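Report on one structure; see the data block that follows.
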Amino acid sequence: MTTPILEIKDLHVKVEEEDKEILKGVNLTLPAGEVHAIMGRNGSGKSTLSYVLAGKDGYEVTQGEILFNGKDLLEMEADERAAAGLFLAFQYPIEIPGVATMTFLKAALNAQRKSRGEEELKIPEFMKMVKEASAKLEIKQDMLKRPLNVGFSGGEKKRAEILQMALMQPSLCVLDETDSGLDIDALKIVSEGVNHLRAANRSMLVITHYQRLLNYIVPDRVHVFSDGRIVESGDRELALELESKGYSSFDGHAA
Ligand SMILES: Nc1ncnc2c1ncn2[C@@H]1O[C@H](COP(=O)(O)OP(=O)(O)O)[C@@H](O)[C@H]1O
Ligand SMILES: [Mg+2]
């Protein structure tokens with residue numbers, strides 16, 4: 001059997017400064033090439049899981065482990081995780097005033113290449129890559145000249161993020177509530193971008209609150225998150241069931 005891209009085993013996480021446990025024994029195996037969805041109501045700990053994957057400060061793992069392509073993810077610094085092919089799209093993208101989106105993308109890509117021991121991209125090469133990728137996402141060149149996310153609409157922010165993801169060629173993409181604030185057209189473009197990035201050697205974890213996104217990004221498996229753990233897993237039918245029955249029917253179930 002090939003190594004799963006992501007393996008989370010009995011993960012317990014608390015807030016660093018408090019005695020507040022947020023993740024209470026998460027188990028998840030994400031094989032190469034698959035797209036899994038995590039659904040759960042607000043406050044169930046979905047974003048905390050993505051923050052811990054990213055290596056964000058402020059959280060403490062008290063038990064369990066995370067393997068990323070067989071390696072101990074928790075031992076890696078945040079930049080090492082990115083270099084190793086982990087990409088996270090957050091619910092609230094950061095704004096970078098004064099830095100053109102294009103410049104940011106080039107810096108991000110070259111930082112990743114550098115830590116992999118690869119050479120920096122030459123400008124014409126980079127421009128060609130960006131042109132091709134942005135055309136697919138219907139991103140206008142004008143947007144790339146503006147500072148990253150500053151004054152971008154919700155849809156533009158998500159497109160910029162998916163563009164960055166396309167350029168980085170990650171092995172694991174984690175999308176946290178990528179659908180929030182998107183109108184239907186933007187949702188379609190983002191989903192098409194994501195679907196385009198599906199590959200045999202790449203996995204995706206799509207975190208969402210509504211099943212709407214899963215009409216466009218069809219997951220191989222769906223996991224229901226409740227009170228800091230996965231309480232139920234199934235195929236995409238489970239997402240539809242959740243929508244009709246509501247989250248409360250899954251509360252208190254053990255996985
Ligand atoms: N840094 C933090 N300090 C205190 N509480 C936090 C912190 N981060 C998350 N929480 C709490 O943990 C719970 C889960 O939050 P979150 O992971 O954002 O859930 P979701 O993304 O599913 O809405 C919430 O009750 C939230 O208030
Ligand atoms: Mg969240």
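The values are calculated or read from the model by the stated rules, or taken from the named source; none is laboratory data. None of these values were measured; they are calculated from a predicted model. For neighbour counting, all protein chains shown are included, and Cβ atoms are generated from backbone atoms with ideal geometry for every residue, glycine included.
Assessment of the range 6-28 against the conditions (at pLDDT below 95 and closer than 24 Å to VAL224 by Cβ) yields at least one matching residue.
Taking strands (runs of 3 or more DSSP E) that do not extend beyond the range 8-119, which have at least 2 residues that are within 30 Å of VAL150 (Cβ to Cβ) and in contact with a Cys (Cβ under 8 Å, 6 or more places away or on another chain)? Let's see the steps before the verdict.
Working: elements: 21-30, 35-40, 59-68, 86-89, 96-100.
In the range 8-119, 86-89 are the strands (runs of 3 or more DSSP E) which contain 2 or more residues that are within 30 Å of VAL150 (Cβ to Cβ) and in contact with a Cys (Cβ under 8 Å, 6 or more places away or on another chain).
Run down GLY193, GLY228, GLY181, GLY154 and say which single residue is within 16 Å of ligand 1 (Cβ to nearest atom), within 21 Å of THR101 (Cα to Cα) and either of a type in the set (A, V, I, L, M, F, W, C) or in contact (Cβ under 8 Å) with a residue 12 or more places away in the chain (or both).
Values: GLY193 fails: within 16 Å of ligand 1 (Cβ to nearest atom); GLY228 fails: within 21 Å of THR101 (Cα to Cα); GLY154 fails: within 16 Å of ligand 1 (Cβ to nearest atom).
Going through GLY193, GLY228, GLY181, GLY154 in turn, the sole match is GLY181.
Residues that are surrounded by 18 or more Cβ atoms within 10 Å (Cβ to Cβ), within 16 Å of ligand 2 (Cβ to nearest atom) and not hydrophobic (A, V, I, L, M, F, W, C) within the range 7-50 comprise GLY40, SER44, GLY45, LYS46, SER47, THR48, SER50, listed in sequence order.
Would you check if there is a residue in the range 231-250 being more than 16 Å from ligand 2 (Cβ to nearest atom), aromatic (Phe, Trp, Tyr) and buried (at least 18 other Cβ atoms within 10 Å of the Cβ)?
Yes, the range 231-250 has at least one match.
Assess whether ILE139 counts as being farther than 30 Å from ASP227 by Cβ, of a type in the set (Val, Ile, Thr), assigned to a loop (DSSP other than H, G, I, E, B) and without any contact (Cβ under 8 Å) to a residue 60 or more places away in the chain. Answer is yes for this residue.
Taking each residue of the range 41-54 that is over 13 Å from VAL26 (Cα atoms) and looking for partners that are near ligand 1 (Cβ under 6 Å from one of its atoms) and outside any helix (DSSP H, G or I) with beta-carbon atoms closer than 8 Å, six or more apart or interchain, yields TYR51/GLY58.
Picking from residues in the range 83-103 that are of a type outside the set (Val, Ile, Thr) and within 16 Å of ligand 2 (Cβ to nearest atom), the one that is modelled with the lowest pLDDT is GLN91. Counting only residues that are more than 9 Å from ligand 1 (Cβ to nearest atom), more than 19 Å from ASP72 (Cβ to Cβ) and over 13 Å from the mean Cα position of the chain (by Cα), the range 32-61 holds 3 of them.
A count restricted to the range 86-105 and to residues that are without any contact (Cβ under 8 Å) to a residue 24 or more places away in the chain and surrounded by 14 or more Cβ atoms within 10 Å (Cβ to Cβ) stands at 1. The set of residues from the range 43-57 being over 19 Å from ALA84 (Cβ atoms) and of a type in the set (Ser, Thr, Tyr) comprises SER44, SER47, THR48.
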